[in-house]
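A.B. asks: Once you've had a glance at the structure underneath, I'll fire off some questions.
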Amino acid sequence: MAMTEAAVRLVSVTKDFGAVRAVDGVDLSLAEGEFFSLLGPSGSGKTTLLRLVAGFERPTTGRVELSGREVTTLPPHRRDVRTVFQDYALFPHMSVEQNVAYALTVRGVRKAERLARAREALATVRLDGFGPRRPAELSGGQRQRVALARALVDRPAVLLLDEPLGALDLSLRRRMQTELKDLQRTTGITFLLVTHDQEEALTMSDRVAVVSDGRIEQIGPPVEVYERPATAFVAGFMGTTNLLRGAAARRVVGRPGTFSIRPERIRLADLAEPAAEGERTVTGRVAEIVHAGAHTRFTIALPHDDRLTVIRQNLAGLPPSVRPDAEIRLLWDHDDAFPLPS
Ligand code: ATP
């Protein structure tokens, strides 16, 4: 049987900085052409993982492979990998074209070919005609595209992106997310993205790994990680959720254990509405209503100081009883209280 080698493979990788264990026994395998994201809070070890793949760091223990070849001790320039950094790291004294062609210059590619390929790379990121400008004469989004063109110009097998959209404002960020995803599809290059923005990871990735304290908590397609979180940490980090444990779980869910109920799964209703077959119901008081554009977020106070957050799309009207301080009914399918390891 023909086996396709993983584009990137980490085997039992650990990285210590003095007494700090930044990466703690990570196993990871990226398929060729995959868009893979490392998602986690600040300090969880995402950037260190990326730097281990790039070759800027060497693991304390473990092995790094690219396309089936061990590269653990190879320097960055001997790996078929490019990195795009958050601050773009463009050369300010060079033109856009020279920036993009830089890797080819270093490799001794002839001038005519260099220029042709730099122009082609600039066209890929929709910057035709910007070649003669200096980076200072560009907007933030345009600089980011130059950094992408520069990384793509010699067609690396793997592109590493470290919070590449972090410096952009929200609307530009959302637009660039779509562009990045399109770029990945059209080039077929394996993308490994580091982000702490869960929406970014959810919208762009084929698979995500949720990282916490140097370890991978869960790997899977975004929908699966969102709908079926493996741990309470993942449930809380991937979107907002209601976590119920111990006595609160027994009171609210009606079962012992630890549970996650996504706020969008809870239905608000009049007190008089009966629960349907397979539904759980509790009653509570509307403690807070926050209108957030496309949706509204409700905080419902339950007896014994329990609280539930409910999110509702602002599509149709609410039941008339849903007003501040009103007593209302909450309903959800039993299956929407998702059990987690305690
Ligand atoms: P952020 O989202 O804030 O960039 P991160 O998830 O990328 O965080 P890392 O930068 O990988 O996290 O850092 C992981 C841990 O390793 C942190 O505790 C950090 O302080 C530590 N660390 C990273 N690089 C070094 C270094 N060169 N020397 C010492 N400690 C380091």
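A.B. asks: Are there any pairs with C-beta distances below 8 angstrom linking a residue in region 6-28 that is at positive phi to a residue that is assigned to a strand (DSSP E or B) and within 14 Å of the ligand (Cβ to nearest atom), with the two at least 6 apart or on different chains, and if so which?
C.D. replies: Final answer for the pair search is S12/V26; G25/V13; G25/T14; G25/R215.
A.B. asks: For S12, which of the numbered conditions (1) touching a Gly at 6+ places or on another chain (Cβ under 9 Å); (2) open to solvent by 70 Å² or more (accessible area, probe 1.4 Å); (3) not in a loop (DSSP other than H, G, I, E, B) fails to hold?
C.D. replies: Among (1) touching a Gly at 6+ places or on another chain (Cβ under 9 Å); (2) open to solvent by 70 Å² or more (accessible area, probe 1.4 Å); (3) not in a loop (DSSP other than H, G, I, E, B), S12 violates only (2).
A.B. asks: Now for a separate question. Wholly within region 118-229, which helices (runs of 4 or more DSSP H) include no fewer than the required count, namely at least 1 residues that are buried (at least 22 other Cβ atoms within 10 Å of the Cβ) and within 16 Å of the ligand (Cβ to nearest atom)? Give the derivation first.
C.D. replies: On the way: elements: 140-152, 170-187, 198-204, 222-227.
Of the helices (runs of 4 or more DSSP H) lying wholly inside region 118-229, those with at least 1 residues that are buried (at least 22 other Cβ atoms within 10 Å of the Cβ) and within 16 Å of the ligand (Cβ to nearest atom) span 198-204.
A.B. asks: Is one or more of the residues making up region 97-106 under 20 Å from L159 (Cβ atoms), open to solvent by less than 60 Å² (accessible area, probe 1.4 Å) and touching a strand residue (DSSP E or B) at 6+ places or on another chain (Cβ under 8 Å)?
C.D. replies: Yes.
A.B. asks: So which residues in region 44-101 are acidic (D, E), in contact (Cβ under 8 Å) with a residue 40 or more places away in the chain and over 30 Å from V234 (Cβ atoms), if there are any at all?
C.D. replies: Initially, region 44-101 is screened for residues acidic (D, E), giving 57, 65, 70, 80, 87, 97.
Narrowing further to those that are in contact (Cβ under 8 Å) with a residue 40 or more places away in the chain: 57, 65, 80, 87.
Passing the criteria: only D80.
A.B. asks: Please go through region 15-41 and pick out each residue that is basic (K, R) and either open to solvent by 50 Å² or more (accessible area, probe 1.4 Å) or more than 16 Å from the ligand (Cβ to nearest atom) (or both).
C.D. replies: Scanning region 15-41 gives a single hit, R21.
A.B. asks: Can you pull out the residues in region 108-155 that are among the acidic types (D, E) and either outside the structural domain of L168 (by TED's automatic domain parsing) or closer than 24 Å to V81 by Cβ (or both)?
C.D. replies: Narrowing region 108-155 to residues among the acidic types (D, E): 113, 120, 128, 137, 154.
Selection gives E113, E120, D154.
The values are calculated or read from the model by the stated rules, or taken from the named source; none is laboratory data. A quick note: this is a predicted structure, and the numbers were derived from the prediction, not measured. Ideal geometry is used to build each Cβ from the backbone, glycine not excepted, and the neighbour counts take in all protein chains shown. Quick note on the areas: whole protein, heavy atoms, side chains included, nothing else; ligands and nucleic acids left out. Shrake-Rupley method; radii C 1.70, N 1.55, O 1.52, S 1.80 Å.
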